[in-house]
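Chemist: Below you will find the structure I want to go over with you.
The values are calculated or read from the model by the stated rules, or taken from the named source; none is laboratory data. Remember, predicted model here, so these are calculated numbers, not experimental data. Please note: Cβ atoms are built from the backbone with ideal geometry, for glycine as well, and neighbour counts cover all protein chains shown. Just the protein is used for accessible areas: all its heavy atoms, side chains included, with ligands, DNA and RNA removed. Shrake-Rupley method; radii C 1.70, N 1.55, O 1.52, S 1.80 Å.
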Amino acid sequence: MRIPEPGQWQAEKVSQGYVADYKPFEFVDGEGVRCSLYVSGCLFACEGCFNERTWNFRYGQPYTDELEQRVLADLAHESVQGLTLLGGEPFLNTQVCLRLARRVRAEFGAGKDIWCWSGYTFEQLLAETPDKVELLGQLDVLVDGPFEIALRDLTLQFRGSSNQRVLDVPASLAAGEAVPWARGADATQRYEQVAHRPLDQHERTRSPR
């Protein structure tokens with residue numbers, strides 16, 4: 001995993017304006033029904049990343065006016081709570097993410113929330129380039145920090161490792177320090193999806209050799 005110095009990685013130098021995927025009306029990338037945009041390109045290179053193919057800045061398709069209009073039209077549906085920005089790394093694709101976030105705020109105000117997953121921490125973003133700071137200011141919730149496989153924990157809500165945090169961005173900016181999202185609720189124990197039981201005599205007879 002790579003850790004950048006402030007200002008070292010600049011979206012204007014690395015982003016190609018590509019998106020890996022767009023998923024409307026889904027339920028896993030944050031609270032409520034959401035429209036999720038996966039941008040292409042990431043330099044963190046976290047071991048165990050669930051979406052490694054999106055590290056390439058030219059993976060997928062170019063972001064277009066048509067896609068932007070589709071996202072806005074989908075967001076207008078009354079059942080949709082908001083937009084989610086993922087990657088890849090949204091803060092290394094500020095040309096795409098800022099453009100869309102500004103449109104969402106212009107058309108929906110605070111009526112739709114904006115969530116974002118990033119390998120940057122809140123504190124790192126405060127010391128970053130103006131485009132990253134502006135994108136941070138457009139968000140309602142930030143899931144911050146790189147995925148660390150040694151800290152992997154499946155009981156965590158909306159994140160994969162215990163170093164990552166779910167933050168209330170407006171409250172964090174007002175306080176000048178990271179403030180946890182108030183509705184966060186991690187699981188208290190693990191559950192097996194398939195019950196384990198010994199095979200009976202009939203099943204052992206049918207088992208292939």
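Chemist: Express in whole angstrom the spacing between the alpha-carbon centres of the stretch 7-58 and the stretch 115-192.
Modeler: A separation of 15 Å, based on Cα centres.
Chemist: For Asn163 and Gln81, FRET efficiency with R0 = 41 Å and r from the beta-carbon atoms, rounded to 0.05? Before the final figure, lay out the partial values.
Modeler: Numbers: r = 27 Å, r/R0 = 0.65.
Working from the Cβ atoms, E equals 0.95.
Chemist: Name the residues of the stretch 122-157 whose amide N is less than 14 Å from a point 7 angstrom out from the Cα of Arg2 along the C-beta direction?
Modeler: none
Chemist: Under 15 Å from the Cβ of Arg183, count the other residues' Cβ atoms, weight Lys and Arg +1, Asp and Glu -1, and hand me the total.
Modeler: Numbers: positive: Arg34, Arg159, Arg165; negative: Glu31, Asp113, Asp140, Asp168, Asp186.
That works out to -2.
Chemist: Heavy atoms only, 1.4 Å probe, whole protein assembly: order Phe25, Phe158 by accessible area, highest first. Don't skip to the answer; put the middle values down first.
Modeler: Details: Phe25 85, Phe158 50 Å².
From most accessible down to least: Phe25, Phe158.
Chemist: For the chain, what is the calculated [θ] at 222 nm in deg cm²/dmol (nearest 500), taking -39500 (n - 2.57) for each run of four or more DSSP H residues and dividing by its residue count?
Modeler: Numbers: 7 runs with 57 residues, N = 209.
Theoretical 222 nm ellipticity from helices: -7500 deg cm²/dmol.
Chemist: Let me ask something else about it. Would you calculate the separation in nanometres between label points at Arg103 and Arg53, each defined as 7 Å from the Cα along the Cα-to-beta-carbon direction?
Modeler: Here the modelled spin labels are 2.5 nm apart.
Chemist: Relative contact order for the stretch 1-146 using alpha-carbon pairs under 8 Å, separation at least 6, rounded to a whole percent?
Modeler: Working: 285 pairs, mean separation 37.4, N = 146.
Relative contact order here is 26 percent.
Chemist: State, to one decimal in nm, how far the label point of Val33 lies from the label point of Glu177, with both points 7 Å from Cα in the Cβ direction.
Modeler: In this crude label model, Val33 to Glu177 measures out at 4.0 nm.
Chemist: Accessible area per residue, 1.4 Å probe, Å², for the chain: what's the number? Don't skip to the answer; put the middle values down first.
Modeler: On the way: 11420 Å² over 209 residues.
On a per-residue basis, the chain sits at 55 Å².
Chemist: Right, something else. Net charge within 10 Å of Thr54 by Cβ-Cβ distance, Lys/Arg positive one each and Asp/Glu negative one each, not counting Thr54 itself?
Modeler: -2
Chemist: Given all pairs of different Cα atoms, what value in angstroms does the Kirkwood hydrodynamic radius of the chain take?
Modeler: Hydrodynamic radius (Kirkwood, Cα pairs) of the chain is 18.3 Å.
Chemist: Let me understand the stretch 1-48 better: what is its radius of gyration from the alpha carbons, and its Dmax, in angstrom?
Modeler: Calculated on Cα positions, Rg and Dmax stand at 13.9, 36 Å.
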